[in-house]
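Colleague: Let me give you the structure first, and then I'll get to my questions.
The values are calculated or read from the model by the stated rules, or taken from the named source; none is laboratory data. No experiment lies behind these values; they were computed from the predicted model shown. Quick reminder, even Gly has a Cβ in these numbers, built from the backbone with ideal geometry, and neighbours come from all protein chains shown.
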Amino acid sequence: MTLRQLLQKTRRVDRAFFGRPAAEVARELLGQYLIHQFDGCELAAKIVETEAYLGSGDPAAHSARGLTERTRVLFGPPGHAYVYLIYGMHECLNLVTDRAGQAGCVLLRALEPVCGIEEMQRRRDKAKRLHDLASGPGKLTRAMGITRAHYGVEVTRGPLRVRLTKAPEVFEIQTATRIGISTSQELPLRFFVKGNAHVSVR
DNA sequence: CCGCGGATCTTCT
DNA sequence: GAAGATCCGCGGA
């Protein structure tokens with residue numbers, strides 16, 4: 001599919017979409033699209049796995065230990081990107097949710113490539129199969145060309161943005177516990193499209 | 001298919 | 001100074 005075609009079957013998202021509780025936004029982001037246009041590249045993918053990190057009562061959230069230089073954007077208005085480096089080599093993309101000051105966010109954990117698949121394969125030379133391209137939080141940022149340079153950018157408009165589908169698909173949402181955390185492991189805050197091959201962990 | 005360990009560096013203690 | 005919202009390759013079953 002071309003980006004032109006994808007833009008026709010989707011519409012702009014407003015800031016109010018993100019200005020709600022993180023778990024609610026995390027569920028509704030499934031089946032929506034992430035687009036990145038830059039350097040002549042037109043990349044787009046469907047969101048198939050997310051995790052919610054709550055602004056309060058969630059020790060696993062980066063915002064739990066207060067406002068620091070790194071978490072500054074989490075405490076600002078919703079609809080912005082929070083990108084950080086993990087394990088010294090991978091970058092993770094989160095979208096800020098809730099009201100300003102609440103510091104909730106949604107981590108994007110897996111995407112299904114839609115536009116610019118060859119370019120994504122070039123960026124992810126280690127990936128052998130299509131469903132390895134963006135099936136993880138570090139993989140998807142690499143595939144989509146997202147880095148810490150995108151820290152704080154608006155995702156309701158601009159070169160890196162979310163688009164909502166005009167014709168929602170019917171699929172089952174599976175709920176699970178979050179991956180890779182050492183506290184609050186029991187909270188059911190991970191969501192993914194049931195049966196989708198691009199999900200990171202089944 | 002599964003488990004294990006190394007890579008690599010920013011952030012916070 | 002240690003941990004961390006990960007990924008990949010290796011070895012064995």
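Colleague: Exactly one of (1) over 20 Å from A:Gly31 (Cα atoms); (2) not in a loop (DSSP other than H, G, I, E, B) is unmet by A:Gly152. Its number?
Modeller: The failed condition is (2).
Colleague: Just to be sure I understand, how many residues within the range A:46-66 are touching a residue at least 24 places away in the same chain (Cβ under 8 Å) and either closer than 12 Å to A:Tyr151 by Cα or more than 8 Å from DNA strand C (Cβ to nearest atom) (or both)?
Modeller: Summing the residues that are touching a residue at least 24 places away in the same chain (Cβ under 8 Å) and either closer than 12 Å to A:Tyr151 by Cα or more than 8 Å from DNA strand C (Cβ to nearest atom) (or both) in the range A:46-66 gives 11.
Colleague: On the basis of being more than 9 Å from DNA strand C (Cβ to nearest atom), at pLDDT 95 or above and more than 29 Å from A:Leu67 (Cβ to Cβ), does A:His131 make the cut?
Modeller: Against the criterion (more than 9 Å from DNA strand C (Cβ to nearest atom), at pLDDT 95 or above and more than 29 Å from A:Leu67 (Cβ to Cβ)), A:His131 qualifies.
Colleague: Do we have any residue at all in the range A:129-152 that's within 12 Å of DNA strand B (Cβ to nearest atom), within 16 Å of the chain's Cα centre (by Cα) and without any contact (Cβ under 8 Å) to a residue 60 or more places away in the chain?
Modeller: yes
Colleague: Is it the case that A:Ser63 is more than 14 Å from DNA strand B (Cβ to nearest atom), closer than 21 Å to A:Pro188 by Cβ, of a type in the set (Ser, Thr, Tyr) and outside any strand (DSSP E or B)?
Modeller: Answer is no for this residue.
Colleague: Just to check your reading of the model, which residue among A:Ala52, A:Ala45, A:Ala16 is part of a helix (DSSP H, G or I) and under 20 Å from A:Tyr82 (Cβ atoms)? Walk me through how you get there before you give the answer.
Modeller: Details: A:Ala52 fails: part of a helix (DSSP H, G or I); A:Ala45 fails: part of a helix (DSSP H, G or I).
Just a single option satisfies the conditions, and that option is A:Ala16.
Colleague: To continue, here is another question. In the range A:68-90, how many are exposed (fewer than 13 other Cβ atoms within 10 Å of the Cβ) and either hydrophobic (A, V, I, L, M, F, W, C) or away from DNA strand B (no atom under 12 Å from the Cβ) (or both)?
Modeller: Residues meeting the conditions: 2.
Colleague: I need a count of the residues in the range A:89-122 that are farther than 14 Å from A:Ala22 by Cα and either in contact with a His (Cβ under 6 Å, 6 or more places away or on another chain) or part of a loop (DSSP other than H, G, I, E, B) (or both).
Modeller: 4
Colleague: Consider A:Gly195 carefully, then state whether it is closer than 24 Å to A:Ala60 by Cβ, within 16 Å of DNA strand B (Cβ to nearest atom) and free of Cβ contacts under 8 Å to residues at least 40 places away in the same chain.
Modeller: no
Colleague: Can you name the residue in the range A:91-121 that is within 13 Å of DNA strand C (Cβ to nearest atom) and over 23 Å from A:Ile181 (Cα atoms) and, of all such residues, is surrounded by the fewest Cβ atoms within 10 Å (Cβ to Cβ)?
Modeller: A:Gln121
Colleague: Could you tell me whether any residue of the range A:171-181 is in a strand (DSSP E or B), touching a residue at least 40 places away in the same chain (Cβ under 8 Å) and not polar (S, T, N, Q)?
Modeller: Yes, because at least one residue in the range A:171-181 is in a strand (DSSP E or B), touching a residue at least 40 places away in the same chain (Cβ under 8 Å) and not polar (S, T, N, Q).
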